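Here's the structure we're looking at; comments come further down.
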Amino acid sequence: MMSEHILSAFDRDLEAVQALVVKMGGLVEEQILESARALEVRDLELAEQIRARDRAVDELEEKINEEAARLIALRAPAARDLRMALSVIKISASLERVGDYAKNIAKRTQVLSDGPQITGTATAIRRMAGTTEAMLKDALDAYIQRDAKLAADVRERDLEVDQMYNALFREFLTYMMEDPRNITPCMHLHFIAKNIERMGDHATTIAEQVIYLVTGEMPEDARPKSSSVA
């Protein structure tokens, strides 16, 4: 009876922490999409809101870390239960980094607002951001559902983000060679595209955490990656 009571208390505490992870994930997904939209339409007010909201993401990570540490200290979980408790810390760290990248996009949007527009690139970046946001959403769904198959699918899709990044990089080079005035905006756009590519890496990291959580082992094969051009 005592062990069952402790187990149910652990489960309740874990569910509470996981609810915070889900909330944090929702905020970060919104930050990804809105940072790309702010860039595309040059919405400086939205870009500033994205920067301001990053603090809420940081605060959630701090709360998750505190609650997870308390859970481990209080319940002393072993084996699989410990993996579950540690997973929330690792996943929240990845989410915090994605939030930082969204904030960085918002910062560069403000810098780009007064410069020349590079035709079509902001729309391409928005599509790339949408692909990455979908990866992150599925990675979090896989975590909640303990779905290793969905997590493996997310891991495979990182290749698509890499390919989109490489295509954009080549496009930026073309614009810069055509007109030196394009160099500064294209450099900023390149960093934005790289930030989104890194978001995809973190979504993949979350997916790998799910696979480890479900199977007890990290994937042995290397991540599917496109040859990077930068």
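The values are calculated or read from the model by the stated rules, or taken from the named source; none is laboratory data. Quantities reported herein were computed from a predicted structural model and do not represent experimental measurements. Here the Cβ positions follow ideal geometry from the backbone for every residue, glycine too, while neighbour counts run over all protein chains shown. Each accessible area value is taken on the protein alone, full model and side chains, heavy atoms only, with ligands, DNA and RNA left out. Shrake-Rupley method; radii C 1.70, N 1.55, O 1.52, S 1.80 Å.
In the set 86, 74, only one residue is in a helix (DSSP H, G or I) and either over 30 Å from residue 132 (Cα atoms) or in contact with a Ser or Thr (Cβ under 9 Å, 6 or more places away or on another chain) (or both); that residue is 74. Confirm whether residue 174 is modelled with pLDDT of 95 or more, polar (S, T, N, Q) and crowded, with 20+ Cβ neighbours inside 10 Å. Criteria not met by residue 174.
Of the residues making up the stretch 30-48, those that are closer than 14 Å to residue 110 by Cβ and either among the hydroxyl-bearing types (Ser, Thr, Tyr) or open to solvent by 80 Å² or more (accessible area, probe 1.4 Å) (or both) are 35, 41, 45, 48.
Whenever a residue of the stretch 107-123 is over 12 Å from residue 51 (Cβ atoms), its partners that are open to solvent by 60 Å² or more (accessible area, probe 1.4 Å) and part of a helix (DSSP H, G or I), lying with C-beta atoms within less than 7 angstrom and at least six residues away or across chains, give the pairs 113/44; 115/184; 116/181; 121/171.
Residue-by-condition table, conditions (1) surrounded by 17 or more Cβ atoms within 10 Å (Cβ to Cβ); (2) of a type in the set (Ser, Thr, Tyr); (3) more than 21 Å from the chain's Cα centre (by Cα):
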position	(1), (2), (3)
140	yes, no, no
146	no, no, no
165	yes, yes, no
181	no, no, yes
189	yes, no, no
200	yes, no, no
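The helices (runs of 4 or more DSSP H) found entirely in the stretch 116-230 that carry 2 or more residues being over 23 Å from residue 34 (Cα atoms) and either polar (S, T, N, Q) or in contact with a Gly (Cβ under 7 Å, 6 or more places away or on another chain) (or both) are 183-215. Of the numbered criteria (1) modelled with pLDDT of 90 or more; (2) within 29 Å of residue 177 (Cα to Cα); (3) open to solvent by less than 50 Å² (accessible area, probe 1.4 Å), the one residue 92 fails is (2). Residue 208 satisfies every condition listed in (1) charged (D, E, K, R); (2) surrounded by 15 or more Cβ atoms within 10 Å (Cβ to Cβ); (3) closer than 20 Å to residue 89 by Cα; (4) out of contact with any Pro (no Cβ under 9 Å at 6 or more places or on another chain) except (4).
Scan the stretch 6-26 for residues that are surrounded by fewer than 17 Cβ atoms within 10 Å (Cβ to Cβ) and under 19 Å from the mean Cα position of the chain (by Cα) and jot them down. Answer for the stretch 6-26, where residues must be surrounded by fewer than 17 Cβ atoms within 10 Å (Cβ to Cβ) and under 19 Å from the mean Cα position of the chain (by Cα): 19, 22, 23, 26. The criterion of being within 21 Å of the chain's Cα centre (by Cα), of a type in the set (Lys, Arg) and open to solvent by less than 30 Å² (accessible area, probe 1.4 Å) holds for residue 155. Can you give me the number of residues within the stretch 64-89 that are within 25 Å of residue 198 (Cβ to Cβ) and either of a type in the set (S, T, N, Q) or surrounded by fewer than 16 Cβ atoms within 10 Å (Cβ to Cβ) (or both)? Residues flagged as within 25 Å of residue 198 (Cβ to Cβ) and either of a type in the set (S, T, N, Q) or surrounded by fewer than 16 Cβ atoms within 10 Å (Cβ to Cβ) (or both) within the stretch 64-89 amount to 2.
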